[in-house]
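All remarks here apply to the structure that follows.
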Amino acid sequence: MFVPIIRSLAVQPKPFYFIFFLEIWERFGFYGVQALLVLYMVQKLGYQDSHADFLFAAFSALVFLLPCLGGYIGDKILGTKRTILLGAIVLSLGYLILSLPKISSRHFSLPLAFIAVGVGLFKANPSSLLSKVYEETPHNLDSGFTLYYMAINMGAAISMNLTPILNRFFGWHVAFSVCCAGMILAILNFFIMRKAIFDIGSEPDQAPFRWDYFGYVLLGIVTSVIMSNFLLNHYQIVSWLLSGGTIVLLSIYLMLIAKSAPEERKGMFLFMILFSQAIVFFVLYFQMPTSLSLFALRNVRHSILGIPIQPAQFQMLNSFWVMTMSPIMAWFYQKWHKCGRDLSLPTKFSLGTLMAGLAFLFLPLGSLYNHHGVISGMWLVLSYWLQSTGELLVSALGLSLAARYVPQRFMGFTMGLWFLCVSVASIIAGKVASIASVSAKISTDPYLSLPIYNHLFTKIGLTTVSISFGMFILVPLLKRLTENDRQMIK
């Protein structure tokens, strides 16, 4: 099943490889930092679990909101390629500051602000560039984006496996320095392979360089870093802003539904329902670098099949299972299609949410077989498999929701709504993870911390499974909300 992917990788146009390797190294840097971030705050900076969870939640919210601005800068102001390069430089600065040995807890939000702004500039533009690569061969677009998604997970898997080992033997700052080195490799890749994309890009890419525009963008970057730094130090404000923004945007969306043609309303309403369900899934997804990471540190045996691993390396299982399950699920989709038994999008969302809920229910089950408050690492392997498979059913399909059910004229607004959904989920996830906040005294005793995590995971699992069952009951109704739903799904 992996052979078609390898063959597909070998026949892509040259510009694809520029984007492929650029994305690998950018994700290498980002996920290497993400794997260690909460553990660094708790173990090195001495933060309480709840403080670390809330700060990470605010950081993640900014990471998913700011690409909306970066995409606009790439499309309308500087150009896609220039914005990618600028984002890579800002990211490198963030990783460099983070790797400084004497950075204090008081100034810890500053490198996170640089990283959030850098991701904002970078994140939306490689996919925009990739879509232009296949404008003349649209039939190859799906395979190109599949491989692009694989590049993201390759970079994540490599760094999440490497940085915890480097941290174990050489310290936190060496691990963060390697993330910075990965970003520098992305910049070198940009200059070495830039001729491959010479004639590809947005309209500003083809225009002469405008120093005045560049100056405005630099001013915007400095302002964004200052504002992000402030918000990370006052993360409650992030929660208020997102709550207000969600109310405003959903109100606008409901007005758009009311003003749309009758045949469009059903699909737009279905999008809103699945959008709400996606928030539930992403709340669980953001437990990986927060509560699940701390659970792995304190209550999981640090080995898999007898092979010693570091606690943060368990997060690598997400990328591993996504890469492993992607071709398998693609094969199943083809089989079901040939048999005329395609799964509808509401069914996939409900199934993905169910699997994510079960992923958390298996952990309290594993605690029944604990040894001195510590469970086998294989329970986390199983949990990550369930949640990663659920991710393929929800997250990977989420961005296609708008294309399926929302009129093209509302596409930009709807995509912004989707990223807002992920940002809101990250804030809720921080509040959920803080339920299992463990004091410094208890954190050293697995017997005392295990019941706290069991309580959290049981509540998450039962709530999510109940929601998924409710969605399964509504699936027939949701399928009838859109005319010609069968054709759209195909």
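The values are calculated or read from the model by the stated rules, or taken from the named source; none is laboratory data. Keep in mind the model is a prediction, meaning the values are calculated, not measured. So basically every Cβ, Gly included, is an ideal-geometry build from the backbone, and we count neighbours across all protein chains shown.
Data overview
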| item | result |
| --- | --- |
| Qualifying residue in the range 274-282 (condition: farther than 22 Å from residue 57 by Cβ, crowded, with 19+ Cβ neighbours inside 10 Å and of a type outside the set (Asp, Glu)) | yes |
| Number of positions in the range 73-105 that are within 24 Å of the chain's Cα centre (by Cα) and part of a loop (DSSP other than H, G, I, E, B) | 1 |
| Test: residue in the range 261-273 that is modelled with pLDDT of 85 or more, of a type in the set (A, V, I, L, M, F, W, C) and either in a helix (DSSP H, G or I) or crowded, with 21+ Cβ neighbours inside 10 Å (or both) | no |
| Count of the range 353-376 residues which are of a type in the set (Gly, Ala, Ser), crowded, with 24+ Cβ neighbours inside 10 Å and more than 16 Å from the chain's Cα centre (by Cα) | 2 |
| Condition check for residue 398: surrounded by fewer than 20 Cβ atoms within 10 Å (Cβ to Cβ) and either at pLDDT 95 or above or out of contact with any Gly (no Cβ under 9 Å at 6 or more places or on another chain) (or both) | no |
| Residue 27 modelled with pLDDT of 90 or more and charged (D, E, K, R) | yes |
| Residue satisfying all of: in the range 273-294; hydrophobic (A, V, I, L, M, F, W, C) and over 13 Å from the mean Cα position of the chain (by Cα); farthest from residue 249 (Cα to Cα) among these | 294 |
| Candidate set: the range 365-389, residues that are in a helix (DSSP H, G or I) and free of Cβ contacts under 8 Å to residues at least 24 places away in the same chain; chosen: the one nearest to residue 329 (Cα to Cα) | 382 |
| Output for the range 106-136, where each listed residue is buried (at least 23 other Cβ atoms within 10 Å of the Cβ), among the small types (Gly, Ala, Ser) and more than 17 Å from the chain's Cα centre (by Cα) | 113 |
| Residue match in the range 38-51 (condition: crowded, with 24+ Cβ neighbours inside 10 Å, within 18 Å of residue 316 (Cβ to Cβ), assigned by TED's automatic domain parsing to the domain that holds residue 179 and modelled with pLDDT of 90 or more) | yes |
| Which listed residue, of 191, 169, 214, is in a helix (DSSP H, G or I) and under 30 Å from residue 312 (Cα atoms) | 169 |
| Candidates 144, 201, 171, filtered to the one that is over 26 Å from residue 323 (Cβ atoms) and either in contact with a Lys or Arg (Cβ under 9 Å, 6 or more places away or on another chain) or at pLDDT below 80 (or both) | 201 |
| Among residues of the range 334-364, those that are part of a helix (DSSP H, G or I) and either touching a residue at least 12 places away in the same chain (Cβ under 8 Å) or within 22 Å of residue 271 (Cα to Cα) (or both), counted | 21 |
| Single match in 73, 103 (criterion: free of Cβ contacts under 8 Å to residues at least 40 places away in the same chain, in contact with a helix residue (DSSP H, G or I) (Cβ under 8 Å, 6 or more places away or on another chain) and outside the structural domain of residue 313 (by TED's automatic domain parsing)) | 103 |
| Flag if residue 330 is aliphatic (A, V, I, L, M), modelled with pLDDT under 80 and more than 18 Å from the chain's Cα centre (by Cα) | yes |
| Residue in the range 6-13 that is crowded, with 24+ Cβ neighbours inside 10 Å and in a helix (DSSP H, G or I) present | no |
| Among the candidates 443, 439, 449, 466, residue that is assigned by TED's automatic domain parsing to the domain that holds residue 345, polar (S, T, N, Q) and not in a helix (DSSP H, G or I) | 439 |
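Matching residues to (1) surrounded by fewer than 16 Cβ atoms within 10 Å (Cβ to Cβ); (2) β-branched (Val, Ile, Thr); (3) not assigned by TED's automatic domain parsing to the domain that holds residue 279:
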{"site": "194", "(1), (2), (3)": "yes, no, yes"}
{"site": "197", "(1), (2), (3)": "no, yes, yes"}
{"site": "207", "(1), (2), (3)": "yes, no, yes"}
{"site": "216", "(1), (2), (3)": "yes, no, yes"}
{"site": "226", "(1), (2), (3)": "yes, yes, yes"}
{"site": "239", "(1), (2), (3)": "no, no, no"}
{"site": "259", "(1), (2), (3)": "yes, no, no"}
